[in-house]
Amino acid sequence: MPDVIAYGGDWNPEQWPEETWEQDVALMREAGVNRVSVGVFSWALLEPAEGVFDFGWFDRVMDLLAASGIAANLATPTASPPPWFGDAYPEALPVDSGGRRLHHGSRQGFCPSSPIYREKALRVTEQVATRYRDHPALALWHVHNEYGCHNARCYCDTSAAAFRAWLRSHYASLEALNDAWGSAFWSQHYGEWAQILPPRDTPSLPNPGQQLDFRRFSSDALVELYVAERDLLRELTPGVPATTNLMAGAHWDMDCWAFAAELDVVSTDHYLIGARAEPHIDLAFAADYARSLNGGRPWLLMEHSTSAVNWQPRNRAKAPGELRRNSLAHLARGADGIMFFQWRASRAGAEKWHSAMLPHAGVNTKVWREVSALGAELAGLSEVAGSRVKADVAILIDHSSVWAQDHPAQPSSELDPVEEAKRWHAALWRAGITCDLAHPEGDLTGYRLVLVPALYLVSDSGAANLEGFVRAGGVTLVGPYSGIVDEHDRVRLGGYPGAWRDLLGVTVEEFFPLDGPIRLASGGSGSAWSEVAHATSAKVLDTYATGEPAWTRNAWGDGAAHYLTTRLDDDALAGVIAAVCAEAEARPPATSPPGVEVVRRSHPDGRSHLFAINHTAEDAVVTSASGASVTVAAGDARVIAG
Ligand code: GAL
């Protein structure tokens, strides 16, 4: 990562006459842009016919950047195969679960398991890498774009064969697979590997094990495509780091943990969802996730928007100051690069109504003024680059668990594991406590508190990991319908939650989904879910009117394990989370009024910056642990050194 904050966006010069390019670069310099992503969707112009390459125009793009001192995240253009690809190889186009083959004419029109796609993608990657391996503008490989955004799962015959090969490498025998999938149920026992299909549309519910393994296989297929390109790039340009832009926290089809393990630096994209009441808290979740995926090291925000997007039902423009608050919130949470989609707003094409750094209306605009001011501000914050956020709290998140719970036959469809994780994260956000996200099997040492909002599926080693954390003195809070099934989505027997009955000192005999709120003795309420639970060794801290436990605490080793048997309302949840934070001695870096975000980034030598971002319409006073206070005006943000 650079020793300045990278600033810029996707530059798509091919959408414009060449006369515009000089002006683009001059304006980039004016706005403080030092980094752009180029070539992301350039395949059709770099290889206009199969095997025929035209790099002349792109040489001029790269040379212009180098001459202007702007570094390139140079993309491999493989996210959007040209029309000649779909035309010549229709068998390589993706097929949906109903057997419908999709047509070319958009983007990501390929089957991830297609050997033809892989061959053509590696060929254009090799051409790009060979041509620009020594180019002075090349800073980072931007491999592909948002893997799986549109084609995460393909159900064609090629994918079916690849799925079977994946299954053979994961199961010692067909009998082991039959056992894992519980295929004795509904007469699904497989006698031959060749009988196994992707979970294409069926008359009724799919087999949960088959569905879960297909999600895993499909995610692995995308990671493999990334690795194939990255390995080629490493061979041709050793020393140039590579990344691909994830959609951490927004798109759950790809296992971000598996992807992140292969990236030289994690980069991600984030877009505000207008329908959310406080979209900046969702932003914080995504940023915390990106940082955690990069092992706490600085990461790169590859895309966000200067104002409206074009793909929501109502595309809200950002309010004055919101762009800056959003960017500084990403920076606060560990980003060393703040980039946008895209540099210049498109005149044509499917995203012509998407905002950009340089709007249709030009430079005499709110967006341009804010973009330029932000560029200047970030240039003054280069001392932040390389510093880290230290979190005492982690939230466990696992894609396999989300996928397993996505099976349509659940006790209730109202428990959404992602929304529940985000709700618990929001409670911490409101308390001013920054948290990491962690994989259930990841290293939990160093945390004081581990929250498990919704982890329906957990492996034996994941279950033991949490137990070990608590035994060593950690505090945990586990939400309902967690620890229920093993890694194959088979129920852990003997009373729920089978994985953690001993740890929690609780056994649950039956779930009682609710059709309305339920009152608790404490005065709070639960909704959607309740359980008939018995405390075996835990102390009961709150109950339903029936006297059955709603919140319990079990002393375990040197730590403690709390459990909730219902989905608490926001206020009650905030109360419980405040209690476990107090018990674990997890504290915010400063005190601030509601709606004011405070995060600290620190260097190992002690230099640090406190970010205070006021999302409210009132001026706010923020007071640090040492008692020093600053006023942050309504809608303003301050970055305070030391
Ligand atoms: C991202 C994508 C960009 C652009 C953007 C629009 O998902 O990587 O190419 O489509 O969304 O918000």
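The values are calculated or read from the model by the stated rules, or taken from the named source; none is laboratory data. Bear in mind the structure is a predicted one, so any value in this text is a computation, not a measurement. Neighbour counts are summed over all protein chains in view; Cβ atoms, including those assigned to glycine, are modelled from backbone coordinates with ideal geometry. Areas reflect the complete protein model, heavy atoms only, side chains present, ligands, DNA and RNA absent. Shrake-Rupley method; radii C 1.70, N 1.55, O 1.52, S 1.80 Å.
The table below gives the values:
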quantity: Some residue of the stretch 486-501 being among the charged types (D, E, K, R) and in a helix (DSSP H, G or I); calculated: yes
quantity: Members of the stretch 90-107 found to be under 24 Å from Arg215 (Cβ atoms), outside any helix (DSSP H, G or I) and out of contact with any Phe, Trp or Tyr (no Cβ under 6 Å at 6 or more places or on another chain), listed by number; calculated: Leu93, Pro94, Asp96, Gly98, Gly99, Arg100, Arg101, Leu102, Ser106, Arg107
quantity: Residue match in the stretch 75-89 (condition: in contact (Cβ under 8 Å) with a residue 60 or more places away in the chain, away from the ligand (no atom under 16 Å from the Cβ) and either farther than 24 Å from Leu246 by Cα or not in a loop (DSSP other than H, G, I, E, B) (or both)); calculated: no
quantity: Candidate set: the stretch 278-310, residues that are more than 21 Å from Val598 (Cβ to Cβ) and of a type in the set (Gly, Ala, Ser); chosen: the one surrounded by the fewest Cβ atoms within 10 Å (Cβ to Cβ); calculated: Gly295
quantity: Members of the stretch 328-354 found to be under 30 Å from Arg601 (Cα atoms) and either within 16 Å of the ligand (Cβ to nearest atom) or of a type in the set (Lys, Arg) (or both), listed by number; calculated: His330, Arg333, Gly337, Ile338, Met339, Phe340, Phe341, Gln342, Trp343
quantity: Residue match in the stretch 477-487 (condition: of a type outside the set (Asp, Glu), modelled with pLDDT of 95 or more and surrounded by fewer than 18 Cβ atoms within 10 Å (Cβ to Cβ)); calculated: no
quantity: Criterion (in contact with a His (Cβ under 7 Å, 6 or more places away or on another chain), touching a residue at least 12 places away in the same chain (Cβ under 8 Å) and not basic (Lys, Arg)) met by exactly one of Val580, Val599; calculated: Val580
quantity: Leading residue by the ranking (farthest from the ligand (Cβ to nearest atom)) among those in the stretch 244-256 that are touching a Gly at 6+ places or on another chain (Cβ under 8 Å) and either part of a strand (DSSP E or B) or open to solvent by 30 Å² or more (accessible area, probe 1.4 Å) (or both); calculated: Asp253
quantity: Selected residue [open to solvent by less than 30 Å² (accessible area, probe 1.4 Å), of a type in the set (A, V, I, L, M, F, W, C) and closer than 21 Å to Thr243 by Cβ] from Ala180, Ala137; calculated: Ala137
quantity: Wholly enclosed strands (runs of 3 or more DSSP E) of the stretch 504-589 bearing at least 3 residues in contact with a Leu (Cβ under 7 Å, 6 or more places away or on another chain); calculated: 549-556, 559-564
